[in-house]
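Undergrad: Okay, here's the structure, questions in a sec.
The values are calculated or read from the model by the stated rules, or taken from the named source; none is laboratory data. Because the structure is a prediction, the values reported are computed rather than measured. Here the Cβ positions follow ideal geometry from the backbone for every residue, glycine too, while neighbour counts run over all protein chains shown. With ligands, DNA and RNA removed, areas are computed over all heavy atoms of the protein, side chains included. Shrake-Rupley method; radii C 1.70, N 1.55, O 1.52, S 1.80 Å.
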Amino acid sequence: MNSIKLSTAERKFIVDSIEDDFRIDGRTCEDYRQIEVETRNLPNTNGSSRCRIGKTEVLVGVKAEVVDVDLHNPKKGKINIAVDCSATASPQFAGRGSETVEQDILSVLNLLYSSIDALKLSELCIVKGESCWLLNIDVLYVQCGGNMFDAASIALKAALYSTTMPNVTVSGEGIEMELEISDDPYEVWKLDTSMCPICITLYQEGESFAVDVTEEESECSTGYVHVGVLPSGEVSAMEKCGAGNMDPIALLEMIDAAVRIGEKIHKQLDSHLVAESTTATL
């Protein structure tokens, strides 16, 4: 995923610092860089957010539209996620260079939200067997500085938290059925994001591992693991990537670390979102 070229000495220095639990920027292996999140920053959306971790910055916009339900899920709404890496975010994204990265990130986000409990899709059903809400979620990277997966998952949860859905009035039946969508900004309801997961990605570095890696640290990794963590601390999803082998005991340690870190980030994020929402309504 990186276009950075490192010498053998540089690689050794980075890996040694992680194995000593004192990375080159002063962080421990389980420390994140400062996470900045703000919501409702994009016009013409039902919900939006911006997340910045280090040099990585990602925007998420949520737009809702009424569509027909799927026949095999007549009581549920739908979500559709799209990922785009701006060519200005990194030189590696020029031309078609971003396609693989975009697909990898999309795969992880879909994995996180494939759980029936992640987002209550039944809330998005308007008329059983007829119509529902479709949430079109656009993820745009405007700057890249490592840890793209985790930043996207945090931004996505924040955007969904900020999303407001208009009330719908249903009149008539059958072919005479009509839907009236309220345009009153106060006649809205919010999504239940209490089970939305975030992704904690742990990179194997020598005999140790690290989270929130920089591009240079990522270049030295032999493999990594995505762990979906719920606010309760439960693991909702997991995926191993990369060519390197992982010791089962080390993998369990990585999962335990992901749960600890994930719970902490969830609490901080939830507190921030509640405070920001309260301030916005004053």
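Undergrad: Can you pull out every residue in region 3-23 that is more than 14 Å from Gly206 (Cβ to Cβ) and under 27 Å from the mean Cα position of the chain (by Cα)?
TA: Selection gives Ser3, Ile4.
Undergrad: Would a scan of region 69-81 turn up a residue that is open to solvent by 30 Å² or more (accessible area, probe 1.4 Å) and in contact (Cβ under 8 Å) with a residue 60 or more places away in the chain?
TA: Checked region 69-81: no residue is open to solvent by 30 Å² or more (accessible area, probe 1.4 Å) and in contact (Cβ under 8 Å) with a residue 60 or more places away in the chain.
Undergrad: List every residue pair whose Cβ atoms sit under 9 Å apart, with the two residues 6 or more apart in sequence or on different chains, where the first one lies in region 30-43 and is open to solvent by 50 Å² or more (accessible area, probe 1.4 Å) and hydrophobic (A, V, I, L, M, F, W, C) and the second, anywhere, is at pLDDT 95 or above and in a loop (DSSP other than H, G, I, E, B).
TA: Ile35/Asp212
Undergrad: Moving to a separate point now. Given the conditions (1) closer than 21 Å to Ala210 by Cβ; (2) crowded, with 19+ Cβ neighbours inside 10 Å, and given that Ile4 satisfies all but one, which numbered condition is not satisfied?
TA: (2)
Undergrad: For residues that are in contact with a Ser or Thr (Cβ under 8 Å, 6 or more places away or on another chain) and not in a loop (DSSP other than H, G, I, E, B), tally how many sit in region 126-155.
TA: So the count comes out to 10.
Undergrad: Filter region 118-136 for residues that are within 26 Å of Gly233 (Cβ to Cβ) and loosely packed, with under 15 Cβ neighbours inside 10 Å and give the result.
TA: Ser122
Undergrad: Contact list please: Cβ distance under 6 Å, first residue in region 157-184 and assigned to a loop (DSSP other than H, G, I, E, B), second residue among the charged types (D, E, K, R) and surrounded by 11 or more Cβ atoms within 10 Å (Cβ to Cβ), pairs at least six apart or on different chains.
TA: Qualifying pairs under 6 Å: Asn167/Glu187.
Undergrad: Could you identify the single residue in Thr100, Thr169, Thr88, Thr164 that is β-branched (Val, Ile, Thr), surrounded by 15 or more Cβ atoms within 10 Å (Cβ to Cβ) and over 11 Å from the mean Cα position of the chain (by Cα)?
TA: Values: Thr100 fails: surrounded by 15 or more Cβ atoms within 10 Å (Cβ to Cβ); Thr169 fails: surrounded by 15 or more Cβ atoms within 10 Å (Cβ to Cβ); Thr88 fails: surrounded by 15 or more Cβ atoms within 10 Å (Cβ to Cβ).
It is Thr164.
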